[in-house]
Amino acid sequence: MVKSIEVKNLTHVYSAGTPFETTALSDISFSVEKGEFVGIIGHTGSGKSTLIQHFNGLKKPTSGTVMIEGEDVWANPRDVKKFRFRAGMVFQYPEYQLFEETVFLDIAFGPKNMGLKQSEIEERVLEAVEFVGLSPDILEKSPFDLSGGQKRRAAIAGVIAMRPGILILDEPTAGLDPRGRDDILLHISEYHKKMNATVLLVTHSMEDIAKTVNRITVLSRGKILTDGTPKEVFSEPELLKSAGLSVPQVTRVFLRLRELGAPVDTTVYTVEQAVKQLSALRGGKV
Amino acid sequence: MLQDITLGQYFPGSTLIHRLDPRVKLVAAFLYIVALFSAQGPVAYGLCLLWLVLVTSVSKVHIRLMLKGLKPLLFIIIFTAVLNVFYTPGRIIYEFYFLHITYEGIALAFYMVVRIILLITGTSLLTYTTSPIMLTDGIELLLNPLKKIKVPVHELSMMMTIALRFIPTLIEETEKIMNAQKARGADFESGRLIRRIKALSPVLIPLFVSAFRRADELAVAMECRLYRGGEGRTRLKELSLTRADYYSLAFCLVFTALAILSGKIF
Ligand SMILES: Nc1ncnc2c1ncn2[C@@H]1O[C@H](COP(=O)(O)OP(=O)(O)OP(=O)(O)O)[C@@H](O)[C@H]1O
Ligand SMILES: [Mg+2]
């Protein structure tokens, strides 16, 4: 089967030839199968945003190739635009990009740029609003009158309305309260399942990632440090530490319990799993 | 595209030019402009060029950077040159229907282009080597006498400091918003002029909203620290003139005088 994303020897250098030259990505090779839900984590400045902006042709590789659904993004530079719709990208703090008079028009901006019919646009806007868990009443409101969390959802809906086969989100939960965070992640998982979409989630939060993804890629200083299932990645706390990251808090609790001699399994990375183990320890009683 | 804007950008360094008092650098830039605009004949221009080359080499600013600042103005430079070549009356060298190329036209165009290039590279050297804070401090101190006639010098320089401070932030913000809209299929590069202008509203509206938000936040932050204008304010870094400053000033005065006089003599 064709891979959703295939990156070969990707290098990206910013401001080449000036005193500010930075190598943000160096010789990265990485691929994602159709329908995978991948978490990309890494310390500030490790190159996460730079990497994902190659997947819809916003950034051009300094060297190396990026293939999306089997097609080289930069094979024909004039055709790059079509990849914007295939790989939908939600930027960090997407609420700052809202600009239309009504929420409806703002969500319709993407589909309109795709050249869809009005009826199709309406259908997609309604669907997208449902996917992010907003009530359709707000469609006629001004986006500037929404609450912070609603703005964030409206902005995400603006990308979902393009029905991208690959959905990429750059820290979609930054600055939200725990409830809002869980809720947005839940809706993203729903999009992943219902549309059989490939989803890439960039985040700093181990908790976010432990709950939702089935694969984790760790970036460190422009290189891939490790890549595997959450279980595999979280089994190497020392390696994560060297990249300025750490395992989820519950896992740390269990690692410490183990150190103290408790007979626990340390491959625990969500609260639910922790509860199960602890209750098993107490003989099945919660 | 946006990265090409080098205006107001400061490149830190520790050369003699970087360490000069900003007042001296401002006066020097002013003298340089005076010299450039009163320059007549090749010797005067040569002196200005020599002056620029000397200062640039001491400041260690890369020549490529100096030329980069010219890129956004290429159109104006070419336009000036063409206009001067064709519309200056004088001895005709070449005629093609209604177009005349004159000897005087070519000479004038050449001098105009040299003048613009020297002007822009010379003045951008000032911002390349002086941090915005130093620059506005310098301006404030130079304009201080105007306080006597009730010019709000401190407020003006504070406004300028803030404006300069926010240029890179706003450029960065513009890029971010442009990328976000491009990701939704916005097209800023094709279509006719009217369409392109219309295509800017998805960028300009969020940009204005965020600029106002930033202004608001900054105002609150300043208020919280009891900012109340210039009266009785002291500085973290008091500026004082050193021997190097006086020598540099003398050097600039000599060059200006030479450039003005050379036009009269030769
Ligand atoms: N537009 C740019 N110009 C120059 N350098 C840049 C630019 N954008 C990013 N960089 C540099 O590239 C490196 C990687 O940045 P990137 O934004 O990809 O990191 P990140 O992993 O997304 O970080 P964060 O978690 O803070 O968002 C950093 O060193 C950064 O300073
Ligand atoms: Mg980032």
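Key figures for this structure:
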{"quantity": "Members of segment A:249-270 that are among the aliphatic types (A, V, I, L, M), within 16 Å of A:Asp208 (Cα to Cα) and modelled with pLDDT of 85 or more", "calculated": "A:Val250"}
{"quantity": "Filter pass, B:Ala44 being more than 20 Å from the chain's Cα centre (by Cα) and in a helix (DSSP H, G or I)", "calculated": "yes"}
{"quantity": "Selection from segment A:98-127 of residues that are within 12 Å of chain B (Cβ to nearest Cβ), in a helix (DSSP H, G or I) and of a type in the set (Gly, Ala, Ser)", "calculated": "A:Ala108, A:Gly110"}
{"quantity": "Hits in segment A:37-69 (condition: part of a loop (DSSP other than H, G, I, E, B), buried (at least 19 other Cβ atoms within 10 Å of the Cβ) and more than 10 Å from ligand 2 (Cβ to nearest atom))", "calculated": "A:His54, A:Phe55, A:Asn56, A:Gly57, A:Leu58, A:Lys59, A:Pro61"}
{"quantity": "Failed item in (1) at pLDDT below 85; (2) part of a helix (DSSP H, G or I); (3) within 14 Å of chain A (Cβ to nearest Cβ), with B:Pro72 passing the rest", "calculated": "(3)"}
{"quantity": "Some residue of segment A:188-203 being within 16 Å of ligand 1 (Cβ to nearest atom) and not aliphatic (A, V, I, L, M)", "calculated": "yes"}
{"quantity": "Selection within segment A:235-266 - among the polar types (S, T, N, Q) and surrounded by 15 or more Cβ atoms within 10 Å (Cβ to Cβ)", "calculated": "A:Ser235, A:Thr251, A:Thr266"}
{"quantity": "Selection status of A:Arg78, surrounded by 14 or more Cβ atoms within 10 Å (Cβ to Cβ), within 14 Å of another protein chain (Cβ to nearest Cβ) and farther than 26 Å from A:Gly175 by Cα", "calculated": "no"}
{"quantity": "Residue satisfying all of: in segment B:36-69; among the polar types (S, T, N, Q) and surrounded by 16 or more Cβ atoms within 10 Å (Cβ to Cβ); farthest from the other protein chains (Cβ to nearest Cβ) among these", "calculated": "B:Thr56"}
{"quantity": "Number of the condition not met by A:Leu200 [criteria: (1) part of a strand (DSSP E or B); (2) hydrophobic (A, V, I, L, M, F, W, C); (3) over 24 Å from A:Phe83 (Cβ atoms)]", "calculated": "(3)"}
{"quantity": "Tally, over segment B:176-193, of residues that are under 15 Å from B:Leu204 (Cβ atoms) and more than 10 Å from every other protein chain (Cβ to nearest Cβ)", "calculated": "1"}
{"quantity": "Matching residues, segment A:209-225, being assigned to a helix (DSSP H, G or I) and surrounded by fewer than 23 Cβ atoms within 10 Å (Cβ to Cβ)", "calculated": "A:Lys211, A:Thr212"}
{"quantity": "Unique match (being assigned by TED's automatic domain parsing to the domain that holds A:Thr50, within 20 Å of A:Ile68 (Cβ to Cβ) and touching a helix residue (DSSP H, G or I) at 6+ places or on another chain (Cβ under 9 Å)) among A:Gly222, A:Gly158, A:Gly165", "calculated": "A:Gly165"}
{"quantity": "Scan of segment A:142-156 for residues that are over 13 Å from A:Gly180 (Cβ atoms) and in a helix (DSSP H, G or I), ordered by number", "calculated": "A:Pro143, A:Phe144, A:Asp145, A:Ala154, A:Ala155"}
{"quantity": "Residue selected from segment B:119-145 under the condition among the small types (Gly, Ala, Ser) and part of a helix (DSSP H, G or I), by the criterion nearest to the chain's Cα centre (by Cα)", "calculated": "B:Ser124"}
{"quantity": "Test result for A:Ile160, within 16 Å of ligand 2 (Cβ to nearest atom), within 14 Å of chain B (Cβ to nearest Cβ) and buried (at least 22 other Cβ atoms within 10 Å of the Cβ)", "calculated": "no"}
{"quantity": "Some residue of segment B:144-156 being within 12 Å of chain A (Cβ to nearest Cβ), touching a residue at least 24 places away in the same chain (Cβ under 8 Å) and not hydroxyl-bearing (Ser, Thr, Tyr)", "calculated": "no"}
{"quantity": "Failed item, numbered, when B:Ala259 is tested on (1) at pLDDT 90 or above; (2) surrounded by 15 or more Cβ atoms within 10 Å (Cβ to Cβ)", "calculated": "(1)"}
{"quantity": "Residues located in segment A:164-175, provided they are part of a loop (DSSP other than H, G, I, E, B) and touching a residue at least 60 places away in the same chain (Cβ under 8 Å)", "calculated": "A:Pro164, A:Gly165, A:Glu171, A:Pro172, A:Ala174, A:Gly175"}
{"quantity": "Residue pairs meeting the criteria (Cβ under 6 Å; at least 6 apart or on separate chains; first farther than 27 Å from A:Val247 by Cα and more than 10 Å from ligand 1 (Cβ to nearest atom), in segment A:40-66; second in a strand (DSSP E or B) and of a type in the set (Ser, Thr, Tyr))", "calculated": "A:Thr62/A:Thr11; A:Ser63/A:Thr11; A:Gly64/A:Thr11"}
{"quantity": "Segment A:128-145, residues that are more than 13 Å from every other protein chain (Cβ to nearest Cβ) and hydrophobic (A, V, I, L, M, F, W, C)", "calculated": "A:Val129, A:Phe131, A:Val132, A:Leu134, A:Ile138, A:Leu139"}
{"quantity": "Single residue of A:Lys151, A:Lys117, A:Lys112 found to be under 22 Å from A:Phe55 (Cα atoms) and away from ligand 2 (no atom under 16 Å from the Cβ)", "calculated": "A:Lys112"}
{"quantity": "Enumeration of residues in segment B:194-207 that are facing chain A (nearest Cβ under 10 Å) and not aliphatic (A, V, I, L, M)", "calculated": "B:Ser201, B:Pro202, B:Pro206"}
{"quantity": "Search result, residues across segment B:75-112 that are part of a helix (DSSP H, G or I), hydroxyl-bearing (Ser, Thr, Tyr) and over 21 Å from B:Pro42 (Cα atoms)", "calculated": "B:Tyr87"}
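The values are calculated or read from the model by the stated rules, or taken from the named source; none is laboratory data. A quick note: this is a predicted structure, and the numbers were derived from the prediction, not measured. For neighbour counting, all protein chains shown are included, and Cβ atoms are generated from backbone atoms with ideal geometry for every residue, glycine included.
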